[in-house]
Structure formats: C-alpha cells, structure tokens
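For reference, the structure is listed below as structure tokens.
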Amino acid sequence: MGSRIVTWLVCATLLVWPSLSRSDDAAWVEELDHAHSFIWQPPTELRAHLEGRSEALGGSLREFVASRADTGRASPDAARRLAIAQLLLYLAHDDSEQLAASVASLKRLRDHLGRFENRYWYHYVLAHKALAKQRPVEFSEQIMALWLRVVVPLEGRYEELERLSLHESPNSGFASALPSVYENITWLILYRTGERGVDRDLDGLSAVVRLLARDRVTSLTQPLRELVALLDGPLSDDGSLSFALALSAARSRHERLLGDVQKTGWTGEATGKLQLTAAAYERALELAETTSGRCAALADTLRLRTDVYASRIAARDDAPGADATLEVPGSPERAIEVYAEMAGARGEGWPELGFHAASHQDYLSAMEALWRQIQHSLLMQAEYQLSRAVAGGRHAGRDARRASTTYGSFLEFFDRHAPASGSDGVSESAHFAAFRAALGVGHALLEATPEPRQTEIDHGILHYQRALQLFPFDRVLWTSFAAALGRHGREGAYAELGREIAERVRRSNSVDSWIDAAEPAAAKIEALRSGLSDSFTTMYMGFAQAAGLGKLEGDLEVLRARRDEVAAQVDRLTQKREQVIASTWIPASPAEPEGIQTASPEPTAPSLPDLETVARELAAASQRLERIDEHILARSRALPLYRQTLESDDLRLELLREDHPLHRLLRRMYQEGRS
Amino acid sequence: MSRFLVLALSMLLTGACADATHAPQNPATASPAASQQRPLAGSALEARAGELATARETLGEMQTTLRGLQRRENRKAVPAFEDFVRAYFGLHLDPLLRPEWPSRHPDLMTMDATLRFARADLMRRLQDSQEFERALADIERRFTGRQEMLIEYPLGQERTVRSAVQMLRGRSRWTF
C-alpha cells in the first residue's frame with residue numbers, strides 16, 4: 001500500500017512539475033552542488049563558465065532559476081540550490097535583484113542549518129548581502145559565524161578523512177569542500193570587499209585572515225601572504241586589516257596600471273586609472289592610524305610617483321610640447337615629515353608609532369624603505385625635469401631651475417638626516433644618491449640653464465665640487481667639472497679645487513682598507529686613487545677628455561722626438577763650445593820675457609763674444625732638454641695612470657645598482673670626511 | 001494538493017539523505033572526540049592532539065588580533081570580535097578542554113595547560129574577571145603537584161606552570 005502511494009506521488013510529480021524531470025535540471029543540480037569550487041571567479045570568467053555550462057547542459061541557469069522560483073515549499077536542498085543559482089547570477093551579472101532573491105530563498109534554510117552545506121551557503125550569501133549593503137561589521141559577523149559554524153567543525157573531520165585518504169571521496173560530504181571554503185572566504189575578504197567599496201571596520205577579521213594564511217589556502221597563497229605582511233610586517237598599520245586591504249588593493253591597481261602603460265602609453269584611459277590608483281593609495285593613507293601605516297602608504301605612493309616619472313622619461317614625454325599636464329600623485333614633503341618623526345623616535349618611543357609587534361631592526365628597515373622611496377621619487381622627478389630642460393624649448397630655463405630645486409630637496413633631506421644616523425634607517429645607496437643630486441644641481445645650472453646668473457654659476461660649481469667629494473671616483477665628472485669651470489672662465493681654479501679632493505682620497509683610510517681587503521671594484525678604485533695622487537693625471541682627468549688618449553700618446557711621441565732634436569742640439573753646441581775653447585787664442589803673458597817668440601801665432605782666434613753666444617745657446621738648450629725630460633717623465637708616468645682611470649668609467653652606472661657593495665665605501669668615506 | 005505532497009516527499013527524501021552523510025545538528029558536538037570523557041588512544045588520540053594544535057594556533061591569532069584592536073581602540077570591531085572569541089570558546093574550545101584526562105595524559109598535558117593559559121589570558125583581555133579567576137583556579141586544581149611542568153605562556157615562551165600563574169595573576173590588574 002505504502003509503495004503504491006509513493007509511486008503515485010512520483011508520477012504526480014512528473015505530471016505536475018515537468019521541469020523536475022528535465023535532464024538539464026538534474027545537471028544543474030550537480031553543478032550547483034559544486035558551486036563552491038568555481039563561485040570565486042571574477043564576473044567575466046564566471047559568466048563564461050555559466051554560459052559554457054548552459055550550452056553543455058542544454059539550458060541556462062536563468063531558466064533553471066525561473067523553473068524553481070515558484071517552489072515556495074521546496075526542500076531545503078532545492079532552496080539551497082536555488083539560492084546558490086541566484087547568487088551566481090548576481091555575481092556574474094551584478095544583478096542585485098538576484099541577490100535579494102537569493103536571500104529570500106535562504107529563509108527556507110533557517111530551520112535546516114544542521115547541515116554544514118546549508119550553513120555554509122546561508123552565511124556566505126548573507127556575507128554578500130552585507131557587502132552589497134556596505135555593512136562591514138555585519139559582513140565580519142557573517143564571516144566569523146561561517147568560520148565558527150562551518151570551518152572549525154569541518155577541519156577535524158577533514159583531517160580525519162585526509163588521514164584515511166578519503167577527503168576527495170564523493171561520499172565524504174561537505175567536508176571535502178573545505179579547501180574551497182577557505183578559498184572562497186579568502187576571495188571574499190581579499191577582493192570582494194574592495195570591489196564593493198567596503199574598506200573600513202574589517203579589523204575583526206584579522207584573526208581569520210591570519211588563520212587562512214597558515215597553509216590553509218592554495219591558490220591565493222601569494223596575495224594572502226602579501227596581505228598578512230601588510231597586517232603584521234614592519235610596514236603595517238599596527239595590525240589593521242582595513243588598512244592592509246586598502247593598501248593591497250592600491251598595489252594591485254598600481255601593478256595593473258604599469259602593465260597598461262607599458263602596452264599603450266599614457267592614454268586618457270591610463271590617466272584615469274592613474275587617478276584611481278592615486279585615490280586608492282590616498283584612501284589607505286586616510287585609513288592609517290599610526291605612523292607605521294602612514295610610512296607604508298606614503299612609501300607606496302612615492303613608488304607610484306617614481307614609476308610615473310620613469311615611464312614618462314622612457315616614453316620620451318620630455319620633448320618640447322609633449323603633454324606635461326599629467327598630475328603626478330604623492331607628496332615627498334609628507335613622506336619627509338613622517339621620516340623625520342620616525343628619526344626622532346629612533347632611540348626611544350618608536351614602538352608607540354605603531355611598531356608594537358616589530359623589532360628595532362624592523363623599525364629601522366621601515367625607515368630605510370621610506371628613505372629609499374623619497375630618494376627615488378625626488379631623483380626621478382628631477383631627472384624628468386632635467387630631461388625636459390635638456391630637450392630645449394621655451395621653458396628650458398624654468399625646467400632646469402625646477403630640476404635644480406628638486407635635486408636640492410633631496411640634498412637637504414640627506415644633509416638633515418644622513419649625518420646624524422650613522423647607517424641606521426638610511427638607504428644603502430643614499431650617499432651615491434646625494435652625489436647624483438649634487439651632480440644634478442651642477443648640471444642643471446651650469447649646462448642646462450640657458451643663461452645662468454652669476455649666483456647660479458657659483459652654486460653650480462659648488463655642487464659639482466660637492467659631487468666630487470661624495471664620489472671622487474667618477475672620472476667623467478672631473479671632466480665636466482673642468483669644462484664647467486672653463487665655460488665660465490674659471491678653469492684656473494680646477495687645479496686647486498681638484499687637489500683638495502684628490503688629497504682626501506689619497507689620505508683616506510677607508511679607501512686604503514677597501515683596496516687592501518680586495519673588496520669589490522678594488523682594482524678600479526686603486527687605479528683612480530693612483531690617478532688622483534698624480535697631479536698630471538688629475539689634470540688629464542679634467543682636460544684631456546676632448547683630446548683623447550691617442551692624441552696624448554701622439555704628443556708624447558712628438559715630445560720624445562723633440563727631445564732627440566734638442567739633445568742633438570745640445571751635443572752640437574757642446575762640441576762647438578769645446579772647439580771654441582780649444583781654438584781660443586791665449587795671449588802671451590805680459591810677464592813673458594822679451595825676445596822669446598811663439599812658434600806660430602794663432603791665425604783663427606775667435607772673438608770673446610762667440611764663446612759667450614755658444615755658451616748661452618748651450619745653456620738654453622740644456623734647460624729645454626731638462627724641461628722636456630721632466631715632461632716626458634711626468635707624462636710617461638701619468639699616461640698609463642690616466643689610461644687606467646678610463647677603464648673605471650662604468651663605475652657610475654654600476655652604482656645605480658642599489659645593492660652594489662661600493663655603496664659601503666662611499667658611506668664610510670662620507671663619515672670619515674665628517675669626523 | 002498533489003504539488004504539496006510532491007514537495008513534502010522531496011523534502012523528506014533529501015532530508016533523509018542529508019542525515020545519512022552530513023553533520024549533526026549541534027555544532028558543539030561537531031567533533032566527536034571533543035566531548036570524550038575517557039582517555040583516547042591510537043588515531044583518536046592523534047586526532048585530539050591535532051585539534052589541540054589547531055586550537056593553539058587559533059588562540060594565538062585571536063590574542064594578536066584582540067591586542068591590536070584594543071590598542072587601536074577600535075570601537076566597532078572590538079565588540080564583534082569579542083563575541084567571536086566567546087563563541088569560539090563556547091562552541092569549540094570549552095568542549096575540548098572539558099574532560100579531565102587530557103590534563104593528565106603525558107602526550108597532551110603540556111598542550112592542554114598551554115591552551116588553558118591562553119584562554120585565561122584572553123579572558124583577562126576581555127575583562128571577564130569572574131571567568132578569568134575561574135580559569136586560573138581550574139588550572140591550579142588540575143595541575144596541582146605539577147607546578148614545575150614547562151608550558152607555553154605567553155604563547156611562544158616557555159615557563160613553568162607556577163611562573164605562568166604568577167605572571168598571569170600579575171597581569172590581572174585589568175590594565176592593558
């Protein structure tokens with residue numbers, strides 16, 4: 001009897017509700033039961049996935065939803081699947097009506113939350129609803145509930161199944177979905193919050209994020225790790241998840257922007273994206289409650305600023321008339337203020353700046369990271385301005401002076417913080433950067449400014465000199481220095497100014513020990529030191545660039561030939577003088593007795609003036625010979641030294657590498673110079 | 001009428017299937033090992049050790065998060081997070097710590113004690129003085145005669161039970 005009733009009921013089902021018998025429905029049911037494994041996809045991919053499945057299954061998800069929408073008293077499974085289908089449509093098409101429908105479908109699940117699967121979808125859909133309504137606290141509560149009521153109990157079960165290698169078995173129930181549950185929660189927190197503009201009051205989820213990062217997630221490992229670094233690392237806002245998410249989202253925008261600009265250049269679209277990226281960083285900065293957070297946000301904003309200038313230089317956007325209206329984000333001045341605050345607390349009080357969980361070394365690393373971004377952004381900005389000035393045009397003078405001011409800003413920052421700090425919290429390449437800035441000021445004022453004023457000339461020369469003090473191993477700068485002095489009629493000062501710097505290098509213990517310890521580039525440094533120890537070579541370094549080494553060697557040969565000529569002349573004159581002396585008539589002594597006659601009176605007796613002439617010529621030739629010998633000796637010694645210095649021309653380029661060991665030597669020399 | 005019957009049937013059938021393969025109704029009893037009153041052995045003991053290790057991890061992250069929230073005086077997030085912590089205790093941790101035997105089991109007692117200290121520390125941070133005192137009294141009772149046993153308090157730092165109790169009491173001035 002009972003079996004007859006069941007049979008009758010099943011038949012009635014088939015008659016009354018034809019859609020239930022359709023094969024596409026059954027297939028969608030299976031698909032929806034595995035929706036946890038693909039629901040995290042971005043809208044485009046999710047749409048493509050659903051369309052692909054619609055074709056394969058012979059019916060769309062919308063049709064499935066339409067066929068189920070009026071089943072007001074459906075089973076909990078049917079209600080859950082309907083809610084999932086509606087959620088999928090919401091996510092794929094950003095159709096908020098579908099989200100509302102999904103929430104409504106969930107109501108039927110309220111009394112059936114004993115099943116993990118129901119519980120999971122219940123909280124998951126409500127989490128989406130909270131995001132759509134921009135309610136961060138409610139969103140956090142749904143995620144926490146999901147964690148407590150689904151994840152924690154399933155974890156023990158999953159581990160048990162895993163031990164038995166049954167965790168992927170179709171009969172293992174919802175426990176086998178646990179890896180997808182982790183991924184979906186991660187995706188919600190990491191990306192969906194940002195997409196829905198929910199970026200504050202999420203800090204309560206920090207614990208969940210940290211737990212997810214403990215080897216629970218497989219596909220989003222890297223972004224999650226980066227997020228946790230922003231949460232707990234030295235560059236964080238003292239554990240604020242809202243801040244970490246905002247900064248992480250800004251960084252993602254930043255990376256995408258760089259990719260776009262590389263492909264298309266600064267199009268209108270790219271400019272729009274730049275503004276959005278800058279706004280995202282600005283938002284992170286607003287959310288930062290601690291100096292630590294501000295330090296992290298400002299460092300990244302300056303990185304964006306550097307990238308913008310670099311890309312504009314690379315795109316030759318420096319040509320006269322090129323669009324220079326692009327607004328460049330970031331403020332080095334604000335970053336410098338934050339750095340000053342951190343420098344002030346370096347000795348004590350630093351944990352209170354948001355570094356409670358960090359070590360002192362982490363604190364110094366954070367300072368160094370900020371320094372590096374200040375350095376990069378200011379130098380890149382100045383180089384951009386200088387490149388515009390060098391390209392010429394109506395505003396060349398203005399651009400050159402702006403470049404000089406920007407370089408000067410870095411020097412001011414350097415002078416304020418580098419001397420006091422030793423090496424703490426200062427970037428490894430800071431001293432080379434200061435060299436570049438001093439060189440830049442000199443270059444901007446002496447080379448790129450069309451008609452510099454006298455004060456600008458003095459300022460420029462002073463900065464070239466400063467650049468040489470900071471990095472005396474830049475042979476090319478010696479030449480630029482001499483040329484600049486020459487252009488402004490002060491070439492005579494070169495020897496004296498150069499000697500002073502060369503003397504410091506010669507006496508430097510740091511340089512000595514660098515060479516003795518055969519540290520990197522020691523051979524080049526030794527060659528340059530030898531060059532600077534020789535005044536002739538120093539002069540060559542200043543003035544010989546235009547002539548070239550070949551000419552100098554040719555001149556030496558000419559000089560040697562001249563020496564041979566002069567030497568021959570000296571020989572000739574010596575002989576002549578001897579002849580003159582030998583043939584000189586010596587008159588009889590007045591005391592000689594009378595009557596005694598000499599045998600043959602000298603018929604060719606020269607006059608006294610002849611002898612004097614020969615002697616004078618000989619003396620002059622000898623002096624010339626001596627001078628030539630001195631010159632030959634000096635040049636013979638200096639030329640090989642000069643040749644060696646030319647081989648070190650690439651040092652400046654090498655030092656653009658931030659981790660080049662030679663930066664250490666520059667730092668030591670700077671400290672030595674100050675002591 | 002027939003449609004109602006169909007729905008009723010389908011609900012009945014799906015419900016029956018679910019009961020066969022899915023979780024029990026009460027999440028607190030989600031982990032069968034949690035409420036075991038008698039000592040476990042073999043793989044069950046191993047599973048319990050795993051659960052305790054996961055709980056330690058969770059408590060550690062909860063401490064870090066709560067410290068940060070309280071330090072930043074995050075008024076909106078703190079209440080929600082405190083509820084989360086309490087719910088975790090009620091649903092998962094307390095059932096796990098309820099039995100007496102893990103506190104005496106040589107393979108589990110160190111972790112068991114460590115979790116109790118971490119829980120008490122969180123109670124202190126939640127300013128729940130009654131529960132805090134109760135937790136400390138429970139620790140002292142359970143580990144009488146094993147005051148020199150090494151445990152972790154704070155998490156990541158090893159010290160004896162005696163020293164940890166003193167330290168925790170010293171911190172219970174309700175100042176943070």
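The lone criterion from (1) at pLDDT 90 or above; (2) surrounded by 21 or more Cβ atoms within 10 Å (Cβ to Cβ); (3) not hydroxyl-bearing (Ser, Thr, Tyr) left unmet by A:Asp260 is number (2).
A count restricted to the stretch B:72-108 and to residues that are away from chain A (no Cβ under 13 Å) and surrounded by 17 or more Cβ atoms within 10 Å (Cβ to Cβ) stands at 6.
Residues are listed down the side, and each one gets a yes or a no for (1) assigned to a loop (DSSP other than H, G, I, E, B); (2) at pLDDT 95 or above; (3) surrounded by fewer than 17 Cβ atoms within 10 Å (Cβ to Cβ):
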residue: A:Phe410; (1), (2), (3): no, yes, no
residue: A:Phe414; (1), (2), (3): no, yes, no
residue: A:His417; (1), (2), (3): no, no, no
residue: A:Ser427; (1), (2), (3): yes, no, no
residue: A:Ala437; (1), (2), (3): no, yes, no
residue: A:Glu447; (1), (2), (3): no, no, no
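Residues that are in contact (Cβ under 8 Å) with a residue 24 or more places away in the chain, in a helix (DSSP H, G or I), among the aliphatic types (A, V, I, L, M) and touching a strand residue (DSSP E or B) at 6+ places or on another chain (Cβ under 7 Å) do occur in the stretch B:97-117.
Within the stretch B:117-129, is there a residue that is over 27 Å from A:Ile143 (Cβ atoms) and either of a type in the set (S, T, N, Q) or within 13 Å of chain A (Cβ to nearest Cβ) (or both)?
Narrowing the stretch B:117-129 to residues over 27 Å from A:Ile143 (Cβ atoms): B:117, B:129.
With either of a type in the set (S, T, N, Q) or within 13 Å of chain A (Cβ to nearest Cβ) (or both) added as a condition, the list becomes B:129.
There is at least one residue in the stretch B:117-129 that is over 27 Å from A:Ile143 (Cβ atoms) and either of a type in the set (S, T, N, Q) or within 13 Å of chain A (Cβ to nearest Cβ) (or both).
Inspect the stretch A:222-234 for any residue being crowded, with 21+ Cβ neighbours inside 10 Å, within 11 Å of chain B (Cβ to nearest Cβ), within 25 Å of the chain's Cα centre (by Cα) and not β-branched (Val, Ile, Thr) and give the result as yes or no. Within the stretch A:222-234 (the criterion being crowded, with 21+ Cβ neighbours inside 10 Å, within 11 Å of chain B (Cβ to nearest Cβ), within 25 Å of the chain's Cα centre (by Cα) and not β-branched (Val, Ile, Thr)), the answer is yes, since at least one residue qualifies.
Checked against (1) of a type in the set (Lys, Arg); (2) surrounded by 14 or more Cβ atoms within 10 Å (Cβ to Cβ); (3) free of Cβ contacts under 8 Å to residues at least 12 places away in the same chain, A:Arg624 passes all but a single condition, namely (3). Total residues in the stretch B:44-71 satisfying the condition of being more than 9 Å from every other protein chain (Cβ to nearest Cβ) and within 20 Å of A:Gly293 (Cα to Cα): the figure is 1.
Every condition in (1) at pLDDT 85 or above; (2) within 25 Å of A:Arg643 (Cα to Cα) holds for A:Ala568 except the one numbered (2). A Cβ distance below 8 Å, combined with a sequence gap of six or more or placement on separate chains, defines the contacts here; from the stretch A:437-464, residues that are closer than 13 Å to A:Arg398 by Cα reach residues that are acidic (Asp, Glu) in the pairs A:Leu445/A:Glu456; A:Ala448/A:Asp399; A:Thr449/A:Glu456. For the stretch A:474-514, a residue qualifies if it is of a type outside the set (Ser, Thr, Tyr), farther than 15 Å from A:Thr645 by Cβ, crowded, with 18+ Cβ neighbours inside 10 Å and modelled with pLDDT of 90 or more, and exactly one does: A:Trp514. Taking the residues in the stretch A:491-520 that are closer than 19 Å to A:Gln671 by Cβ and of a type in the set (Gly, Ala, Ser) as candidates, determine which candidate is nearest to the chain's Cα centre (by Cα). The residue in question is A:Ser510.
Can you pull out every residue in the stretch A:236-271 that is over 28 Å from A:Gln134 (Cβ atoms), touching a residue at least 12 places away in the same chain (Cβ under 8 Å) and not in a helix (DSSP H, G or I)? Those that are over 28 Å from A:Gln134 (Cβ atoms), touching a residue at least 12 places away in the same chain (Cβ under 8 Å) and not in a helix (DSSP H, G or I): A:Gly265, A:Trp266.
Looking only at the stretch A:618-643, filter to residues that are polar (S, T, N, Q) and farther than 18 Å from A:Lys551 by Cβ; which one of those is farthest from the chain's Cα centre (by Cα)?
In the first step, residues of the stretch A:618-643 are kept if they are polar (S, T, N, Q); the result is A:622-623, A:636.
Going one step further and asking which of them are farther than 18 Å from A:Lys551 by Cβ, we end up with A:622-623.
Numbers: A:Ser622: 63, A:Gln623: 61 Å.
Result: A:Ser622.
Just one of the listed residues (A:Ala638, A:Ala599, A:Ala619) is aliphatic (A, V, I, L, M) and at pLDDT 90 or above, namely A:Ala619.
The values are calculated or read from the model by the stated rules, or taken from the named source; none is laboratory data. The model shown is predicted, which means the values in this text are computed figures rather than measured ones. Cβ sites come from the backbone with ideal geometry, for glycine too, and all protein chains shown count toward neighbours.
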